[in-house]
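I have placed the structure first, in the form of structure tokens, so that the comments after it can refer back to it.
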Amino acid sequence: MPILADAMRIPAGPLLILLLVAGAAAAWWYSARPHPVKVRVATVERGAVEEIVANTRAGTVKACRRARLAPGTGGQIAQLEVHEGDRVEAGQLLLALWNRDLIARLELAEREAEASAARARAACLNADQAAREAARQEKLRERRMASEEAVDRAQTAAATGRAECEAAHATARVAAARVGVAEAELARTRLTAPFAGVIAEVSGELNEYVTPSPPGIPTPPAVDLIDDSCFYISAPIDEVDAARVRLGHAARVTLDAYRDREFLGVVRRIAPYVLDQEKQARTVEVEVVIAHPPDDPPLLAGYSADVEIVTAVAEDTLSIPTAAITPGLGDVPDAVLVLEADGRLVSRDIETGLANWERTEVTAGLAAGEQVVLSTDREGVEPGGLAVPEEARDG
């Protein structure tokens, strides 16, 4: 009772200050004490893990056959048989330049060839007649009714006839070759489709003058023809990854034009050289053929595409998200934070196998069903701290 009485006699001001200090100390202790950290976790699971090689820059959809055509000679367009978007068959005439002079020259060559052939026939007929005359003179000489001189003249005439016949045939062949030359010159003024396809672009109109592209000076083609029945993906991959890619490897193709759709393909070609361009990473071109190309809408040449080539697969193996791994340097192994049953975080060294951007194979250090930390709400969390998993978990 005396002590209580003494306490009751303490002034109100110092008591209030004492209470405020005690409250501040309690608040500081509560805020400074360690709190559990919220973490996102993923479960160690069994499944397939793929090793993937991807293109370093956007790939391109290309037609298996595309020809940028131009006449073999310059001239004025006299016939324009196609327009952009038209479908053509192989050998179909696309355009023709003014060539009336070449047509006349071809007709002249054909007439000269006919005349040469007729002269060859006449020379051979004369040779046959001379040969028969020589045979008659030979028979007369056997009867002593013809002189040696007459027989000699007849045999010489027969040999001369044979030579003239051969010369006439050679002249006829020369005339026929001139016809071929005239036809070739005429063909240079006529542009035909080398294969069936669709006309992508036409550069020129009737009566305009077109010229072939001179060396070193690219000019627009007169007709751009695309075979839209076959396409492939051309994609550059880094030279570091090129050694792992093989012909026949499976690939997955995504195109911006088809958004969330994914297409399966196969590697059909690996360039035999490394492309070294100024200010660009060295790359190797890889061509991928889509197994079942889309037709709703169909592919178009020039679409951008991304390629993932599967170089190796590990089936039914332990795997975790790649984001959960802290990679080691040198002799330091890879590590993960494991959430134990008591809520504490423990750092654990692991051994890894195949990996990609999403999943990594774990060959040692973890067991199926354990939980590894993907991310936390605070940086620099030390192993041994308490953790509270979020409700939404990956895996």
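The values are calculated or read from the model by the stated rules, or taken from the named source; none is laboratory data. Please read all numbers here as calculations on a predicted model, not as lab measurements. Cβ atoms come from the backbone with ideal geometry, glycine included; neighbour counts cover every protein chain shown. Note: accessible area is taken over every heavy atom of the protein model, side chains too, but ligands, DNA and RNA are not part of it. Shrake-Rupley method; radii C 1.70, N 1.55, O 1.52, S 1.80 Å.
Does SER116 satisfy the criteria of being among the hydroxyl-bearing types (Ser, Thr, Tyr) and under 30 Å from ALA170 (Cα atoms)?
Details: among the hydroxyl-bearing types (Ser, Thr, Tyr): yes; under 30 Å from ALA170 (Cα atoms): yes.
Answer is yes for this residue.
Find the strands (runs of 3 or more DSSP E) located wholly in the stretch 241-355 whose residues include 2 or more that are without any contact (Cβ under 8 Å) to a residue 40 or more places away in the chain, of a type in the set (Lys, Arg) and under 23 Å from ASN55 (Cβ atoms), and list them. If you could, list the steps in order and put the result at the bottom.
Numbers: elements: 250-255, 263-270, 283-290, 304-321, 334-339, 345-355.
Hits in the stretch 241-355: 263-270.
From the list ASP238, ASP227, ASP260, pick out the single residue that is in contact with a Gly (Cβ under 7 Å, 6 or more places away or on another chain) and modelled with pLDDT under 95. Steps first, please.
On the way: ASP238 fails: in contact with a Gly (Cβ under 7 Å, 6 or more places away or on another chain); ASP260 fails: in contact with a Gly (Cβ under 7 Å, 6 or more places away or on another chain).
When all the criteria are applied, what remains is ASP227.
What residue, of TYR232, TYR273, is at pLDDT 90 or above and either surrounded by fewer than 12 Cβ atoms within 10 Å (Cβ to Cβ) or closer than 30 Å to GLU110 by Cβ (or both)? Reasoning before the result, please.
Values: TYR232 fails: either surrounded by fewer than 12 Cβ atoms within 10 Å (Cβ to Cβ) or closer than 30 Å to GLU110 by Cβ (or both).
The conditions single out TYR273.
Pairs needed: first member in the stretch 51-80, over 30 Å from ARG282 (Cα atoms); second member anywhere, surrounded by fewer than 17 Cβ atoms within 10 Å (Cβ to Cβ) and of a type in the set (Val, Ile, Thr); C-beta distance under 6 Å; at least 6 residues apart or different chains.
GLY74/THR211
Of everything in the stretch 38-75, what is of a type in the set (A, V, I, L, M), outside any strand (DSSP E or B) and open to solvent by 50 Å² or more (accessible area, probe 1.4 Å)? Give them in sequence order. Write out each step before concluding.
From the stretch 38-75, those of a type in the set (A, V, I, L, M) are 39, 41-42, 44, 48-49, 52-54, 58, 61, 63, 67, 69-70; that's our starting set.
Add one more test, that the residue is outside any strand (DSSP E or B), and what stays is 44, 58, 70.
If the condition is that a residue be of a type in the set (A, V, I, L, M), outside any strand (DSSP E or B) and open to solvent by 50 Å² or more (accessible area, probe 1.4 Å), then ALA58 is the only one that fits.
State yes or no: is ARG244 loosely packed, with under 15 Cβ neighbours inside 10 Å and within 18 Å of VAL310 (Cβ to Cβ)? Write out each step before concluding.
Values: loosely packed, with under 15 Cβ neighbours inside 10 Å: yes; within 18 Å of VAL310 (Cβ to Cβ): yes.
Spelling it out, ARG244 is indeed loosely packed, with under 15 Cβ neighbours inside 10 Å and within 18 Å of VAL310 (Cβ to Cβ).
Which of the following residues is closer than 30 Å to VAL179 by Cα, touching a residue at least 60 places away in the same chain (Cβ under 8 Å) and either open to solvent by less than 70 Å² (accessible area, probe 1.4 Å) or not in a helix (DSSP H, G or I) (or both): ALA104, ALA113?
Values: ALA104 fails: touching a residue at least 60 places away in the same chain (Cβ under 8 Å).
After ruling out the rest, the residue left standing is ALA113.
List the number of the failed condition for ARG188; all other conditions in (1) at pLDDT 85 or above; (2) more than 25 Å from LEU93 (Cα to Cα); (3) surrounded by 14 or more Cβ atoms within 10 Å (Cβ to Cβ) hold.
Every condition holds for ARG188 apart from (2).
So how many residues does the stretch 197-240 have that are part of a loop (DSSP other than H, G, I, E, B), of a type outside the set (S, T, N, Q) and in contact with a Ser or Thr (Cβ under 8 Å, 6 or more places away or on another chain)? Steps first, please.
As a first pass, look at the stretch 197-240 and keep what is part of a loop (DSSP other than H, G, I, E, B): 203-208, 211-222.
With of a type outside the set (S, T, N, Q) added as a condition, the list becomes 204-206, 208, 212, 214-218, 220-222.
If we keep only those that are in contact with a Ser or Thr (Cβ under 8 Å, 6 or more places away or on another chain) as well, we get 212, 220-222.
The qualifying residues number 4.
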